[in-house]
Amino acid sequence: MKRKREKVAVIGAGSWGTSLSMVLADNGHEVRLWGHSEAHIDEINQTHTNQKYLPGVQLSDVIVGYFSLTAALAGVETIVLAIPTKAIREVIRKIVEFRSEPLMIVHVSKGIEPDTLLRISEIIEEEMPKSLLKDVVVLSGPSHAEEVSLRQPTTVAVSSKNMAAAEVIQDLFINNNFRVYTNPDIVGVEIGGALKNIIALAAGISDGLGYGDNAKAALMTRGLAEIARLGTKMGANPLTFSGLAGIGDLIVTCTSVHSRNWRAGNLLGKGQSLDEVLANMGMVVEGVRTTKAAHQLSEKYHVSMPISNVLYDVLFNNLNSKNAVDSLMGRVKTYEMDDLVNILDERLND
């Protein structure tokens with residue numbers, strides 16, 4: 001595929017931002033990788049490595065690190081936001097201070113903001129003046145940074161309110177190792193990407209307690225039902241949750257040691273406190289913050305989310321992990337297909 005060479009700024013020099021920079025570099029683009037640590041950026045430029053986040057991986061010298069956000073965005077029309085959800089507002093506000101030309105923003109983070117209950121695309125639209133924002137595109141799906149950096153086969157989805165913009169970003173990223181599909185359901189893609197982290201925490205707790213595959217399979221299956229229930233109430237297409245941004249991302253996040261949410265849950269299941277877990281992880285665990293948002297969303301939309309709500313009690317109300325699992329297993333009996341029937345009824349009545 002012959003491509004137009006573009007200047008792209010990737011905001012966030014963690015594992016995911018760095019891996020996506022490698023994809024863009026492989027595709028022949030000029031890549032600017034911004035980070036908030038000067039020493040970190042010096043390493044990227046001098047040794048072409050990122051040992052903290054991707055040990056042993058050699059970066060292309062096409063990837064240039066930037067410590068100045070203003071310099072990183074000079075002459076750039078497309079940026080990739082690869083930063084934690086809690087940092088989105090701060091970074092967008094900094095960009096607004098100096099930017100005068102409109103930007104295409106691709107966000108690759110997976111979370112929901114507690115209290116406001118906004119998805120990331122909504123946060124961006126709230127903070128960025130319309131005159132500075134071309135479009136917002138979300139890139140999501142089953143994609144561990146560690147595997148992407150090794151050019152192992154990976155498939156993701158992109159979505160936007162403007163599907164022409166999604167197709168532009170599809171072309172920007174797609175190659176033989178990194179396959180990109182489009183999906184018009186931006187609500188479902190964002191909700192699936194955010195809420196699977198909650199179920200991954202629960203799966204990690206189950207593994208940490210020493211439970212087997214049966215328990216984890218149950219958590220994943222019933223967790224997907226919760227995600228679909230809430231997502232559909234929020235306007236998502238239920239079919240999205242059977243795709244890459246739904247069950248695909250759920251599987252990879254609940255079953256892999258690469259998943260920081262699974263690892264955090266595993267430590268909780270082994271008896272560590274939340275504070276101890278977060279200190280030991282050394283990286284943002286999006287599922288913790290998203291669990292609070294999901295708990296609030298379940299109340300706002302009157303949606304039953306037993307796994308998410310029990311996990312909320314484990315994280316924030318000191319519920320013992322073993323007791324949490326017991327409470328889930330002891331719930332009132334129900335009919336498995338109720339979820340599917342209710343979702344179909346709601347769609348037919350819209």
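The values are calculated or read from the model by the stated rules, or taken from the named source; none is laboratory data. Every value quoted in this text rests on a predicted model; they were computed, and no experiment measured them. Heads up, the Cβs are rebuilt from the backbone with ideal geometry, glycines too, and the neighbour counts pull from every protein chain shown.
Report the residue count in segment 298-309 for those that are crowded, with 22+ Cβ neighbours inside 10 Å and either among the β-branched types (Val, Ile, Thr) or in a helix (DSSP H, G or I) (or both). Count: 2.
Listed here are the residues, each with its yes/no results for (1) assigned to a loop (DSSP other than H, G, I, E, B); (2) under 14 Å from the mean Cα position of the chain (by Cα).
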residue: 114; (1), (2): yes, no
residue: 136; (1), (2): no, no
residue: 139; (1), (2): no, yes
residue: 148; (1), (2): no, no
residue: 171; (1), (2): no, no
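If you check residue 112 against the conditions, is it of a type outside the set (D, E, K, R) and under 22 Å from residue 13 (Cβ atoms)? For residue 112, the condition - of a type outside the set (D, E, K, R) and under 22 Å from residue 13 (Cβ atoms) - is not met. The criterion of being charged (D, E, K, R), within 17 Å of residue 286 (Cβ to Cβ) and touching a helix residue (DSSP H, G or I) at 6+ places or on another chain (Cβ under 6 Å) does not hold for residue 99. All conditions in (1) under 19 Å from residue 141 (Cα atoms); (2) in contact (Cβ under 8 Å) with a residue 24 or more places away in the chain hold for residue 296, with the sole exception of (1). Entry remark, segment 68-87: residues being within 16 Å of the chain's Cα centre (by Cα) and surrounded by fewer than 22 Cβ atoms within 10 Å (Cβ to Cβ) number 3 in total. Just one residue in the set 13, 39, 9, 25 is part of a helix (DSSP H, G or I), touching a residue at least 12 places away in the same chain (Cβ under 8 Å) and among the small types (Gly, Ala, Ser); that residue is 25. Selection over segment 150-169 of residues that are at negative phi and not in a helix (DSSP H, G or I) gives a count of 12. Taken together, 218, 245 contain a single residue that is in a helix (DSSP H, G or I) and either at pLDDT 95 or above or of a type in the set (Phe, Trp, Tyr) (or both), which is 245. When residue 206 is tested against (1) assigned to a helix (DSSP H, G or I); (2) surrounded by fewer than 23 Cβ atoms within 10 Å (Cβ to Cβ); (3) among the hydroxyl-bearing types (Ser, Thr, Tyr), only condition (2) is not met. Screening the candidates 36, 48 for the property of being at pLDDT 95 or above and assigned by TED's automatic domain parsing to the domain that holds residue 150 yields one hit, 48.
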